[in-house]
Amino acid sequence: MLVKNEAIKGGYKVVSKDKRLLVDNGCTSWRIVVGRDASPSEKHAADELQHFIKEISGVCIPVVDDACQIEENEIILGNNSHLQQLGIDVDWAKLGDEGFIIKTVENKLVIAGGRLRGTIYGVYTFLEEYLGCRWLSSKVSYIPKRKVIEIPDIDDEQIPVLEYREPYYFDAFDGDWAVRNKCNSSFARLEEKHGKKLKYSRYFVHTFNKLVPVEEYFDTHPEYFSEVDGKRISERTQLCLTNEDVFRIALERLREWIENEPDATIFSVSQNDWYNPCQCEKCREIDEREGSHSGTLLYFVNRIAEEIEKDYPDKYIDTLAYQYTRKPPKYVRPRKNVIIRLCSIECCFSHPLEECNAISYPFYYRMSRKEIENYTSFAQDLHEWSKITDRLYVWDYVTNFANYIMPFPNFHVLQPNIKFMIRNNVKGIFEEGNYAKGGKGEFAELRAYVLAKLLWNPDYDVDLAIDEFLTGYYGNAAAPIRRYIDMLHKKVVDENIHMGIYDPPVNRYLSKDIMKKAEELFDRAEALADNEEILERVRIARLPIEYVRLATMPLDTPGRDKMIEDFFAKLTEVGITEVREARNLKTSEQAMKEGRLYL
Ligand SMILES: [Zn+2]
Ligand SMILES: [Zn+2]
């Protein structure tokens with residue numbers, strides 16, 4: 001049963017039979033017990049539990065260690081002597097590093113899981129699901145106020161289905177936010193007290209040129225690099241993956257990386273961020289036999305991984321199945337210490353990946369007729385990869401990268417896509433969003449929040465997550481903003497509109513009619529804003545509508561330049577640093593003035 005809370009839709013679970021009064025009008029007879037040898041995150045979990053219960057009720061529950069006698073009313077955190085005295089069976093192996101149980105045993109509450117992060121995740125889950133706390137963004141939380149806290153009968157066990165969960169948004173890099181929302185993101189500032197994270201090496205992706213730099217080797221050894229149409233190329237090149245020297249140099253450098261970054265567990269050996277795979281005779285022979293350029297890639301990555309495993313059996317080698325290597329090979333199989341990161345960059349994101357085979361702008365225009373004819377859907381490629389590896393991650397895309405602050409109505413596909421991936425044995429998901437410094441792109445914080453919920457629990461109620469966020473974040477202005485979100489989503493669904501991540505701001509779903517209604521809804525939201533702070537949040541949420549209006553305004557509109565300048569000044573004022581990936585605001589401002597909307 002879910003008790004509706006007045007201040008926030010959703011609320012908290014209550015299934016109470018016996019009364020366990022944790023807090024009763026300013027008093028408590030309870031204490032929090034943590035092991036003397038508890039892990040850093042378990043100790044931090046005790047402090048966080050104490051902190052948030054105090055924020056809810058004003059009551060500070062003492063934290064004690066397990067050397068003291070077991071007493072009547074205790075919250076027992078982690079595996080310690082008090083837990084052992086209770087004599088309950090906990091399957092620690094099954095819980096792993098991140099799983100936990102939350103369980104009432106008479107007048108005790110047990111929250112215990114993996115020492116690394118399990119117990120601390122259990123504490124946040126208790127605060128969230130049973131006491132009603134929500135950590136919406138790094139700066140905005142909803143913590144209910146209650147004079148009485150009862151602990152209901154609880155028998156909960158949660159083990160994440162995904163070993164890697166990363167919503168890649170600027171705000172989500174906050175360590176406290178990430179751990180409270182159970183993300184183990186490589187980019188989040190997750191410290192020891194948070195239970196650390198899944199750590200990629202700092203050379204996160206596109207590492208060919210870092211492993212064998214073209215600047216260092218091309219002049220003396222052009223044969224190390226891609227042969228394209230009979231010539232070795234130095235511009236936008238890849239590596240010749242069948243060259244023995246390339247293998248030796250890359251392996252040597254990778255060993256240095258591992259030595260220099262001992263706490264990282266995943267190291268990337270992956271293609272540069274463009275095309276031009278090597279077509280030399282040896283490479284071509286492998287790729288033709290394998291039916292994909294992923295043939296030479298895996299041949300190379302497997303050899304590296306085999307050598308690395310001898311000295312570093314706990315490290316993983318990660319590579320991309322991206323663009324020209326997206327299609328899996330026919331015969332070669334990834335070694336067990338190889339992670340395949342499959343990327344959905346070309347896809348449509350207004351339809352679930354399983355249901356739409358559209359190739360989005362600008363990829364379609366860059367492909368030859370033959371490539372288009374042979375195009376296999378992302379869903380099919382994913383399905384095929386899932387059959388040949390147990391270590392499949394997905395690099396998914398969840399915002400518009402050519403226009404970070406353009407409306408991107410994709411909330412309805414997030415869940416079906418994540419579920420589809422999980423059904424196909426995907427173990428990690430990187431959801432690339434607006435990671436630019438400052439954040440605040442189109443609903444960036446809302447997106448990070450909803451994604452965090454889904455990555456932990458793919459069955460999470462998305463509508464509830466959106467509503468809870470909007471209510472906590474926009475207060476009285478939440479309702480018109482929800483209508484605005486619904487209106488855009490209804491438009492793309494009803495009219496079957498495709499949507500890619502580099503679309504210009506002239507898509508059909510941004511019709512005059514929709515834009516007019518959007519303005520009205522934001523007028524209403526601004527009028528309803530509870531205070532200046534919330535009004536500012538509403539205005540930031542409105543920027544995408546203004547962005548579309550300015551971007552599509554006829555060039556000869558009087559005062560157009562001034563309007564664009566004012567708009568970009570506003571972006572700077574609120575801390576937005578990019579409206580397009582890796583491009584500064586000045587350059588984007590100039591492009592908009594000149595009416596350049598496309599890549
Ligand atoms: Zn080659
Ligand atoms: Zn589509």
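Which percent, nearest 5, of DSSP beta bridges in the chain are antiparallel? So the antiparallel bridges in the chain amount to around 40 percent.
In the chain, the inverse of the mean reciprocal separation of distinct Cα atoms equals 26.2 Å; this is its Kirkwood hydrodynamic radius. Computed from backbone phi with θ = phi - 60° and the Karplus coefficients 6.51, -1.76 and 1.60, the 3J(HN,Hα) list for segment 428-445 is x, 9, 9, 9, 6, x, 7, 9, 4, 3, x, x, 6, x, 5, 6, 4, 5 Hz; x is used for glycine and proline.
Fewest neighbouring Cβ atoms within 10 Å first, the residues Ser226, Ser186 line up as Ser186, Ser226.
Projecting the Cα atoms of Ile101, Asn260, Gly575 onto the charge dipole of the chain (Cβ charges, centred on the Cα centre) puts Gly575 farthest toward the positive pole. Considering only Ser234, Cys278, Phe247, and ranking their Cα positions along the charge dipole of segment 216-300 that arises from unit charges at the beta-carbon of Lys, Arg, Asp and Glu, the one farthest toward the positive end is Cys278. When only Cα pairs below 8 angstrom with a gap of at least 6 residues are kept, the chain shows a relative contact order of 12 percent. In terms of other Cβ atoms within 10 Å, Thr28, Thr125 run from fewest to most in the order Thr28, Thr125.
Rg over Rh for segment 83-186 works out to 1.00, using Cα positions for both radii and the Kirkwood form for Rh. From least to most packed, judged by other beta carbons within 10 angstrom and beginning with the fewest, Tyr322, Tyr598 follow the order Tyr598, Tyr322.
Using a 10 Å Cβ count of at most 16 others and DSSP loop calls, identify the longest part of the chain lacking such GluC sites (Glu not before Pro).
By the stated rule (loop sites, at most 16 other Cβ atoms within 10 Å), 356-494.
Quick note: the coordinates plus some simple rules give every number you see, no bench work behind them. Quick caveat, the model's predicted, so the values are computed rather than measured. Positions of Cβ are generated from backbone atoms using ideal geometry, with glycine treated the same way; all protein chains shown enter the neighbour counts.
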